1. How would you rank ASP313, ASP193, going from fewest to most other Cβ atoms within 10 Å of each one's own Cβ?
2. Past the 28 Å Cα-Cα mark, which pairs from LYS31/LYS319; LYS169/LYS218; LYS235/LYS256; LYS279/LYS319; LYS31/LYS330?
3. Per-residue HN-Hα couplings for the stretch 168-178, Karplus 6.51 cos²θ - 1.76 cosθ + 1.60 at θ = phi - 60°, whole Hz, x for Gly and Pro?
4. Determine the principal axes of the Cα atoms in the stretch 63-150, then give the extent along each, sorted from largest to smallest and rounded to whole angstroms.
5. Shape call for the stretch 2-334 from the C-alpha gyration tensor, a ≥ b ≥ c root eigenvalues: rounded (a/c under 1.5), prolate (a/b greater than b/c) or oblate?
6. In terms of modelled amide H atoms, which long-range or inter-chain residues lie less than 5 Å from the amide H of ALA176?
7. Please list, in order along the stretch 304-312, the HN-Hα scalar couplings obtained from phi with the Karplus expression 6.51 cos²θ - 1.76 cosθ + 1.60 (θ = phi - 60°), rounded to whole Hz, x for Gly and Pro.
8. For the chain, modelled as a Gaussian network with Cα springs under 10 Å, which listed residue fluctuates most, LYS169, LYS123, LYS256?
Amino acid sequence: MLKQFVFAFLICVLVACNPLNSNSVNVSGRKIMVNNSPYLIKGICYHPVPKGSNQRDFSNLTQDLELMLQAGINTIRVYSPIIEEAVLNEIDAAGLKVIIGFGYNQGGNFDMLSGSFIDYVEKYKNHNAILLWELGNEYNYHPEWFDGDINNWYKAMNNAADLIHKTDKNHLVTTAHGELPTVDVIAACPNIDVWGMNVYRWDDPTELFSQWENRSTKPMYLSEAGGDSYMTITKSGYAQGVNEKAQADANAKILKSVFNNTEICSGVTMFSFTDGWWKAGNNDSQDIGGYAPNSSGVPYDGSPNEEYWGIVDIDRNKKLTFEIIKQNYKSEAYEK
């Protein structure tokens, strides 16, 4: 507890002594640039939900940031806006950046349908923690949300990106597309500066990078990738049941592929920081199962056990994959 108190105290001192001045984030070729230096995303998807709840809660933020720093994480990706400025301040003081996600229809809570998302952009466009504004998460898998025509989503996304550009000249707009977008989709969305892609191609996404190189000259990153720590069946030498080694081995190979292709790929936000007990059943227990679109490529059983994706468990105990993340993110070869 003393260690966590000291960490939190130092964060508060840094926040108090350093006024928030927004970085300049732009594009140079296929690179994301922060203050004119290439920025390689060594990130994590972060949606902390406590046991027994289905709501995001940042009460464990100080410990989580300490663990992230240990792992060499420099970027947090969140699926909805962080409305607590103190949370953004603490993230910034820890030296991490945030990719802020906006949903389409979130009941008017900083969403695209109501237009209230731009109020959030206006309020926080000068906050030093902001890296990218992100529109949607795998919405291309859900044409039913857009009158059965997914082109309605792409049009709305492109228009929202245009509005962000007019409001904030210092940050880029991305999206988390489910898998590789087609040439026609890329052409229909010229206002997307960086293409994020949620990609589950077993333990090797390498082919994706050459495919992207042939489709676009824009930067890209993997907005989701990784494996879970539960095997639904025995397969590929990994036993059925809780299997942290399967997760660790898959993530090691995925990260090797990402960091061997940084001339095309601007990094990755691995899925995810902590296990989510709220996703597949009883919020008070860790359940197997769950469903995600296009998830047959999840290593090594082709089954997305939705409550077992953390690099730490819900009590913040490190899994085997934590060390894999740390080794890759802190490698001198990738210190960019």
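1. On the way: ASP313 16, ASP193 21.
Listed from fewest to most nearby Cβ atoms, that is ASP313, ASP193.
2. Values: LYS31/LYS319 32 Å; LYS169/LYS218 18 Å; LYS235/LYS256 22 Å; LYS279/LYS319 19 Å; LYS31/LYS330 20 Å.
Violating the 28 Å Cα-Cα cut-off are LYS31/LYS319.
3. My calculation for the stretch 168-178 gives 10, 8, 10, 9, 9, 10, 10, 9, 9, 7, x Hz in order.
4. Per principal axis, max minus min of the Cα coordinates gives 45, 27, 18 Å.
5. Numbers: a/c = 1.33, a/b = 1.09, b/c = 1.22.
Verdict is rounded for the stretch 2-334.
6. LEU135, GLU138
7. x, 6, 4, 9, 10, 8, x, 7, 10
8. Sorting by GNM fluctuation, first place goes to LYS123.
Every number here is computed from the coordinates shown, using simple stated rules; none is lab data. Just so it is clear, the structure is predicted and the values come from calculations on it, not from any experiment. Here the Cβ is made from the backbone with ideal geometry for all residues, glycine too, and neighbour counts use every protein chain on show.
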